[in-house]
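Read-outs throughout are calculated quantities, based only on the coordinates presented, and are distinct from any laboratory measurement. Note that the structure is a prediction, hence the values are computed from the model and not measured. FYI the Cβ positions are ideal-geometry reconstructions off the backbone, even for glycines, and counts take in every protein chain you see.
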Amino acid sequence: MSFRCEVCGKGPATGNNVSHSNHKTKRRFLPNIQKIKAELDGKPVRIKICTKCLKTLKKKGDF
């Protein structure tokens with residue numbers, strides 16, 4: 001599954017796991033992607049969208 005929002009383009013970010021001894025190892029921060037059904041041009045379409053965009057769409061009443 002592609003971890004990319006189809007609305008805003010948000011994708012995986014990288015950073016470090018930091019242990020108690022301050023040892024650092026690489027890690028990935030994945031966006032919270034949800035599959036939803038939305039209407040585009042009058043047709044129902046399944047899109048992958050991050051929860052921040054989903055919240056914004058619900059707030060605007062577009063969803």
Original post:
If each of residue 52 and residue 14 carries a label point 7 Å out from its Cα toward its Cβ, how far apart are those two points in nm?
Top reply: 2.0 nm
Original post:
Hey, what's the Cα Rg ratio for the chain versus the globular rule of thumb, 2.2 N^0.38 Å?
Top reply: 1.51
Original post:
What number, in percent, do you get for the relative contact order of the chain if the mean sequence gap of Cα pairs under 8 Å and at least 6 apart is divided by its residue count?
Top reply: 29 percent
Subject >> Potential lengthening between residue 40 and residue 60 on full extension [0.36 nm per residue; Cα-Cα distance subtracted] >> reply: 5.6 nm
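How much length is gained on full extension from residue 27 to residue 4, taking 0.36 nm per residue of separation minus their Cα-Cα distance?
6.6 nm
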